[in-house]
Each structure stands twice: as C-alpha cells, then as structure tokens.
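The values are calculated or read from the model by the stated rules, or taken from the named source; none is laboratory data. Computed from a predicted model, the values in this text were never measured in an experiment. For neighbour counting, all protein chains shown are included, and Cβ atoms are generated from backbone atoms with ideal geometry for every residue, glycine included. With ligands, DNA and RNA removed, areas are computed over all heavy atoms of the protein, side chains included. Shrake-Rupley method; radii C 1.70, N 1.55, O 1.52, S 1.80 Å.
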Amino acid sequence: MVTGRPLDRRAELSEFLRSRRARLKPEDVGLAAFGRHRRVPGLRREELAQLAGVSVAYYTRLEQGNGRNVSAEVLGSIARALRLSDAEHAHLTHLAKPKAHKKKPAARQQQVRGALRQLLDTMEGVPAYVVGRRSEILAWNRMAAALFGDWGELPPGERNWARLVFLRPAYRELFVDWEQKAIDIVCALRMDAGCDPDDARLSVLVGELSVKSEEFRRLWATHDVKEKSHGVKQLHHPLVGDLALNFESFRLTDGSEQSLVTYHADPGSPSADSLRLLASWGADAARAATR
C-alpha cells in the first residue's frame, strides 16, 4: 500500500461483509442461538444466507470477493439482512459492482472553482472550508484559519484532515472528542476507497497512516463507513478555550467530489462571543490555533 498500489477490491468486499456479519447476533435478527459455543462471532454464513433469501453457496462466493453478476436486488436483500445503513449499502454496492472510471491523471490536483473561493471569503465570522477526495483540504477562509490553524503554512500534501488528526499532536488537543473526529475521517476514507479503489494517492495515504499510527490501523480494520452531514463539534482553542460549534457539510453537485463545510455558534452563546474574539485577532489566532 505504501507504494501506491490500488486497494484490492475483492479483499475489501470480503472483509466488509465479514465485519458486518460479525457484529450481528442471531437474537438480533430473530433467530434462535443454538449451542453455547459458536466458532464465529456474529451470524454464520448459513444464517445470513437464510435471512437474505439466497443460497449458502451464492453468499459464500460473494463474501469471498466475487461480486460479478450480482444484482442490485440481491445486494438489497443482503443489505437488509445485515441491517446496513444507507451509507453502508452504498459502500457495498460500490465494492460489488464498481462503476467504470476514467483513469484520473496521477499528477492532477483537485481544483476549487473561483466563485466558490469568493464565497468562502464573503463568509465573515463563519469558519468554512472546502474538502475533497481523500480528506484533502482544498480552500478555506480567514475564520477557518483562526479556528483550525493556518493551513497555508503547510506544504500542500500536508493539508489533509487524516494526516492532521492522526499525525499532529496539536489536533488531539483541539478536538475535545478526538476519537470521534478520527472515526469520522476513517469512515469517509473508507467511502472514498469503495468509490475508487484504484486511487493510488489514497492507497499511499492509507499505507502511510497505517505505518505511523496505531489508532488509524485499529479504526481502518473496523471497515466502518458513514456519512456525517451535520452535528456539533466541541473544540478547545488555545486562545479562547472551549467552543461548541454546529457544523454543516454541503456536498457539491458539480461532479467535483467536494464538500463545503461550515461552522457556526448558537446566537448569544459564549461560543459566539469566542468566535467574534477570534475574528478580531485574525492572523494571531491562526498562528496560535494548533501550536
């Protein structure tokens, strides 16, 4: 992986199905749990095949990574039997029935439209940035720099949420629930891997993080996937202390595979006051954010 070889789609499909089957118990799906000692965690293949209405041999081939000719209907039945979320169902479909991709030039950088950059600059008082494939941070405004640190001081290759969160200690201090932030990033990378397992840059990123971070290896091995479009993040900024900020992630529909992410505080809250204070400090806040 560290050399940029594509991820093995068959292995990804196999491991994903096994991990989802392992998390279910017979009683979870209305089956009787016969015997005190089960040799496998979770459901047996036979039990899952019964729930999905397919033969054991058919499901076994699929779990061995052979998704050729599997229909959307069968995948839907298996997704329901495994109680997959919408994001997990989509991930299963990407792994089993990959779409044909035009080969992306290895050296081509993701580009942010000029109008979108202008929009970021007009969002005064609202930390906002654009994130693309592989958790790459592509553009941001002054308030995002004040809140998260001046990414402009980093080499372009380091402007990546996965590298920042797993490899830079300052971000462990910034995110109060660092573990949840780390989980969110890994889940997003898993979704990217399912959509484009031939992405050499993603393979390099996963390989690097697997070597350098035990926490990343542990979370990557769970095969969890999910999409998180909104919520609340608790931050501890070195200048203004604790903040509770609402975040929204807007997926762009222009085919760029980019999202606009914004943060705001509840009106009249202490966090709103802290954001205004950060805005007044400008570049000083950006320099202090993650140092």
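Within the range 226-254, can you find the residues that are outside any strand (DSSP E or B) and farther than 22 Å from M191 by Cα?
In the first step, residues of the range 226-254 are kept if they are outside any strand (DSSP E or B); the result is 226-229, 238-240, 252-254.
Once the filter is applied, which keeps residues that are outside any strand (DSSP E or B) and farther than 22 Å from M191 by Cα, the range 226-254 yields P238, L239, V240.
If you go through the range 94-106 one residue at a time, do you hit one that is more than 24 Å from R201 (Cα to Cα), touching a residue at least 40 places away in the same chain (Cβ under 8 Å) and outside the structural domain of E46 (by the TED database)? Give the derivation first.
Residues of the range 94-106 that are more than 24 Å from R201 (Cα to Cα), as a first pass: none.
Taking every residue of the range 94-106 in turn, none turns out to be more than 24 Å from R201 (Cα to Cα), touching a residue at least 40 places away in the same chain (Cβ under 8 Å) and outside the structural domain of E46 (by the TED database).
Mind checking which residues of the range 14-27 are open to solvent by 60 Å² or more (accessible area, probe 1.4 Å) and modelled with pLDDT under 90?
First, pick out the residues of the range 14-27 that are open to solvent by 60 Å² or more (accessible area, probe 1.4 Å): 15, 18, 23, 25, 27.
Listed by number, the residues that qualify are R23, K25, E27.
Please verify whether the range 166-178 includes one or more residues that are among the aliphatic types (A, V, I, L, M), open to solvent by 10 Å² or more (accessible area, probe 1.4 Å), more than 16 Å from L209 (Cβ to Cβ) and within 18 Å of the chain's Cα centre (by Cα).
no
Of all residues in the range 110-143, how many are in a loop (DSSP other than H, G, I, E, B), closer than 29 Å to V206 by Cβ and open to solvent by 30 Å² or more (accessible area, probe 1.4 Å)?
Of the residues in the range 110-143, 2 are in a loop (DSSP other than H, G, I, E, B), closer than 29 Å to V206 by Cβ and open to solvent by 30 Å² or more (accessible area, probe 1.4 Å).
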